[in-house]
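Taking it in order: structure first as structure tokens, then the write-up.
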Amino acid sequence: MPTDDIAFQKDSELRAKIDRSLRHPVMFFFASGATWLALSLLLGFISSAKAHSPTFLDGCGFLSYGRVYAAHLNLLVYGWGCQAAFGLVIWLMARLSRKECSAVGIILTAGHVWNFGVLVGFLGIIAGYGTGKPWMEFPVAVWPMLLLSYLFITVWSFVQFRCSEGGKIYVAQWYLVAALFWFPWIFLTAHLFVFVFNGHPVMAAAVNAWFKYALIFLFFTPVALGTAYYLVPKVTGRPIYSYALALFGFWALAVIGPWAGMQRLAGAPLPQFMPYLGAAATILILIPALAVGVNIIMTIRGHEDAVSASPSLRFALGGIVSFLTLGVLGLVLNTPGTLKLTQFSLTGYGYEILAIYGFFSMCAFGGIYFIVPRITRREWLSRRFISWHFWLTVYGVGTVVVCSIMGGLFQGQAQEAYGSAWMDAATRSYAYNIGTTIAWSFILFGSIFFLLHLLLMWARLGRRSQHPTLLKVDDHHEASPHGPEGDLDELQSAEA
């Protein structure tokens with residue numbers, strides 16, 4: 001047998017061992033995260049409906065707008081977002097480091113603790129014991145539990161990184177290791193200054209505003225970009241277009257990301273430079289967005305058929321387009337003229353949904369559609385389910401973002417009209433609130449298709465096949481044993 005064939009066979013056996021060692025923890029995070037996602041979207045639908053129809057479900061005190069809205073966002077962030085990120089990180093780090101997982105029991109135990117903390121936090125919010133701090137509404141006793149379980153979930157990933165063979169550090173690893181390091185710093189710092197240290201309430205509000213954007217740009221963004229930088233070369237069979245551009249995008253995000261968030265407190269009794277420094281940082285996020293977007297699109301160029309065929313690549317590219325859109329909106333919404341219109345309106349909600357669902361979740365869905373067949377040794381059951389999930393998500397998220405931002409701008413204009421009644425602000429956004437509610441129903445249907453499909457795969461009811469599930473099948477894909485989403489050799493920019 002030729003030397004190359006022997007090396008490929010050994011590498012394939014190693015990949016299979018890594019996948020077997022990670023099947024239970026990765027599927028646990030993906031499935032439990034998808035379950036929380038469905039509940040979060042249902043709550044998002046209810047809260048959106050209450051925004052234009054206050055009497056909707058008004059007989060249930062625990063479903064008041066304030067409780068449902070807070071539960072919706074916290075489940076989206078901690079129930080779905082963090083758990084999807086955990087599953088992606090531990091699988092990608094093991095694959096890139098070429099090491100089997102030796103801490104399955106610890107990770108699973110910590111994962112159950114995380115889910116218990118999310119459950120307690122959710123019930124606490126619904127019961128009226130939320131803290132009232134955006135994205136930090138879980139009762140105060142919950143956050144130490146989440147931080148401790150995070151450390152047990154991810155600490156071994158640092159060990160995997162240190163044990164990486166061959167001396168290669170891939171682009172995806174830069175982002176994943178940075179996310180692992182930044183999350184405990186962001187999470188611990190924010191919760192200490194808001195809930196533990198006896199500081200001024202205005203500064204606590206400033207830290208809370210910083211926390212939201214730091215979590216977006218320094219945790220969810222690196223995990224999403226690390227996933228995209230892994231998937232695109234893997235599916236297309238090409239190295240990353242530019243190593244230098246990837247390096248520039250990474251350091252631009254690392255330098256700019258920590259400063260965003262304070263713009264939400266423009267006009268508050270804070271040093272004047274702080275809100276406008278946050279606004280400038282949010283505007284400058286367009287720089288790493290352009291660097292990543294150009295790098296990914298140039299890598300895909302010439303392989304457009306793979307985008308239409310591969311579910312993973314289609315979702316990942318959708319996420320990158322959303323990241324570019326996020327950068328453009330950051331530029332538009334944070335100028336001095338528009339900042340006063342967005343501060344107390346729905347516009348911030350639309351921006352955050354674009355970041356968490358349009359950008360991070362789309363990249364996460366791409367990673368899940370790539371990873372699950374490898375750890376279950378089964379293929380996805382239905383191309384239609386995947387297509388429905390994609391289009392319902394794209395249409396729904398696009399509509400939520402457009403309606404929230406446009407409705408929020410009209411709200412802001414009414415709020416600035418000091419001679420008008422405050423009711424005008426709610427009236428101007430009424431139609432946009434209805435559009436948002438309809439959009440959440442589409443996203444909810446798409447997530448239900450995704451959850452059912454994922455649970456069937458976890459039960460290993462997927463079909464046996466030598467070929468990946470493609471959205472568009474042609475003779476070339478059927479004949480190729482390593483077509484789109486096949487187990488190609490690792491191709492990253494470090495090897496270019």
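The values are calculated or read from the model by the stated rules, or taken from the named source; none is laboratory data. Everything numeric in this text was worked out from a predicted model, so none of it was measured. No Cβ is skipped: glycine too gets one built from the backbone with ideal geometry, and neighbour counts run over all protein chains shown.
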Candidates V202, V140, V194, filtered to the one that is part of a loop (DSSP other than H, G, I, E, B), out of contact with any strand residue (DSSP E or B) (no Cβ under 7 Å at 6 or more places or on another chain) and either in contact (Cβ under 8 Å) with a residue 40 or more places away in the chain or aromatic (F, W, Y) (or both): V140
Search segment 216-275 for residues being among the polar types (S, T, N, Q) and not in a helix (DSSP H, G or I), and hand back the single one that is nearest to S310 (Cα to Cα). S242
Please state which of the following conditions A141 fails to meet, knowing it meets all the rest: (1) among the aliphatic types (A, V, I, L, M); (2) loosely packed, with under 15 Cβ neighbours inside 10 Å; (3) in contact with a Lys or Arg (Cβ under 9 Å, 6 or more places away or on another chain). (3)
Across segment 193-221, what is the number of residues that are of a type in the set (S, T, N, Q) and under 13 Å from the mean Cα position of the chain (by Cα)? 1
Does F449 qualify as being surrounded by 17 or more Cβ atoms within 10 Å (Cβ to Cβ), assigned to a helix (DSSP H, G or I) and out of contact with any strand residue (DSSP E or B) (no Cβ under 8 Å at 6 or more places or on another chain)? yes
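Residue-by-condition table, conditions (1) assigned to a helix (DSSP H, G or I); (2) charged (D, E, K, R); (3) buried (at least 24 other Cβ atoms within 10 Å of the Cβ); (4) over 17 Å from the mean Cα position of the chain (by Cα):
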residue	(1), (2), (3), (4)
L14	yes, no, no, yes
G66	yes, no, no, yes
A70	yes, no, yes, yes
R95	yes, yes, no, yes
Answer yes or no as to whether G87 is in contact (Cβ under 8 Å) with a residue 24 or more places away in the chain and within 25 Å of G366 (Cα to Cα). yes
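Okay, residues lined up against (1) of a type in the set (K, R); (2) within 16 Å of G446 (Cβ to Cβ); (3) at pLDDT below 95:
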position	(1), (2), (3)
A38	no, yes, no
L42	no, yes, no
F56	no, no, yes
C60	no, no, yes
Y78	no, no, no
Please work out which one of (1) farther than 23 Å from S361 by Cβ; (2) at pLDDT 95 or above is the condition R15 fails and give its number. (2)
If you check L313 against the conditions, is it among the hydrophobic types (A, V, I, L, M, F, W, C) and out of contact with any Gly (no Cβ under 8 Å at 6 or more places or on another chain)? no
When you scan segment 37-58, do you find a residue that is in a helix (DSSP H, G or I), touching a Ser or Thr at 6+ places or on another chain (Cβ under 8 Å), more than 30 Å from A214 (Cβ to Cβ) and not charged (D, E, K, R), even just one? yes
